[in-house]
1. Pick from Ala137, Ala142, Ala114, Ala118: which is touching a Leu at 6+ places or on another chain (Cβ under 9 Å), within 29 Å of Glu181 (Cβ to Cβ) and in contact (Cβ under 8 Å) with a residue 40 or more places away in the chain?
2. Please identify the pairs in which a residue from segment 152-181 that is touching a residue at least 40 places away in the same chain (Cβ under 8 Å) has its Cβ atom under 6 Å from the Cβ atom of a residue that is within 16 Å of ligand 2 (Cβ to nearest atom) and not polar (S, T, N, Q), counting only partners at least 6 apart or on another chain.
Amino acid sequence: MTASGPGGASSTLLTGGGELGEVPYLRPHPGAPAVFARRAARFEALAVGHAAGDYLAMLSRLASAQKTVAERLRLPLPASAVAGALPLDAAGAPPPPWREALGLLLGELAGLEAPAPARAALERLGRLSAADLDGVASRLLAGGLTPLDLPLGLFAGAALQVVFTAQAACLQAAAVARVEEGCPACGSSPTCGVVLGDDKLRYLVCGLCATQWHQTRLQCVLCRSSGAVAYLSLDGDTGPARAETCEGCRAYLKLLYIERGPALEPLADDVATLALDLLVGERGFLRFGRSPYLVAGVVASAEA
Ligand SMILES: [Zn+2]
Ligand SMILES: [Zn+2]
């Protein structure tokens, strides 16, 4: 593993001749079908020759199904933001259209080539009552899946992603206020961050609604300490992923550098660089930010 200093510190203060305050807070949302189409293509490309290629290929088919559902789903527009409230609310009750999204997703995945536990999870989701499904979704959104829920989490989460991503794409940037913590559109914790090459800007990425929002670099995303941040990557790795670790709180955030991987898609590249998480974890750092594509039950079974 290679450790390095942050580098390029001076370039973070200025961008394109403007002060940091002029940096757009949100990156433009490309719309749900485009998000999932790009993700499906990237999972497919990353699967080739990868140790976890079968799992990445399955995620490519899942993201492709998410794209189709996003195209077919008719959603009510999100309620306009109330002062002081998030426009979308990942901490509230699951949005009712999520069950319709799940139904469409199960239809799209009917012939999915997947390990037995994943197929069993799809069948079980198809049999659960609306109340039981909402229970799974609520626990998933709250980060409190039970062991029995775990195999369902990947697909239930995929349906929730479609709804939140489609709703986030409808938000006007002006309706999204700056927040101190979490996704400014839905309140979820970021899954990872992307660093834009030219200006070394950092945007955090929401795994639920695909919103990307600016946050100052060289600062721990969890405790905001700037003095104890270091960057770890795998030895000899020229890929886009680095772990931004914090000695202060022992957390880390996965960062993906677009200049080192112009074709990267944050959620897909995050899953494909799991080896980095394992090594950083061995050093005693806890990951900040969950991926909806890494739900323990199914992943462990798929890779067994
Ligand atoms: Zn979000
Ligand atoms: Zn910290």
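The values are calculated or read from the model by the stated rules, or taken from the named source; none is laboratory data. Predicted model only: the values in this text are computed from it and were never measured. Cβ placement follows ideal geometry from the backbone for every residue including glycine, while neighbour counts extend to all protein chains displayed.
1. Ala137
2. If the second residue must be within 16 Å of ligand 2 (Cβ to nearest atom) and not polar (S, T, N, Q), no pairs are left.
To keep it simple, each residue is scored yes or no on (1) of a type outside the set (Asp, Glu); (2) surrounded by fewer than 18 Cβ atoms within 10 Å (Cβ to Cβ); (3) part of a helix (DSSP H, G or I); (4) over 16 Å from the mean Cα position of the chain (by Cα).
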| site | (1), (2), (3), (4) |
| --- | --- |
| Pro33 | yes, no, yes, no |
| Ala37 | yes, no, yes, no |
| Arg42 | yes, no, yes, no |
| Ala45 | yes, yes, yes, yes |
| His50 | yes, yes, no, yes |
| Leu56 | yes, no, yes, no |
| Ser60 | yes, no, yes, no |
| Pro76 | yes, yes, no, yes |
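Yes/no per residue for (1) at pLDDT below 95; (2) surrounded by 23 or more Cβ atoms within 10 Å (Cβ to Cβ); (3) of a type in the set (Ser, Thr, Tyr):
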residue	(1), (2), (3)
Ala137	no, yes, no
Leu145	yes, no, no
Leu152	yes, yes, no
Gln172	yes, no, no
Cys183	no, yes, no
Leu208	no, yes, no
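Table: residues versus (1) hydroxyl-bearing (Ser, Thr, Tyr); (2) modelled with pLDDT under 95; (3) within 16 Å of ligand 2 (Cβ to nearest atom); (4) farther than 29 Å from Asp134 by Cα.
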residue: Ala169; (1), (2), (3), (4): no, yes, no, no
residue: Asp198; (1), (2), (3), (4): no, yes, no, yes
residue: Val205; (1), (2), (3), (4): no, no, no, no
residue: Leu218; (1), (2), (3), (4): no, yes, yes, yes
residue: Asp237; (1), (2), (3), (4): no, yes, no, yes
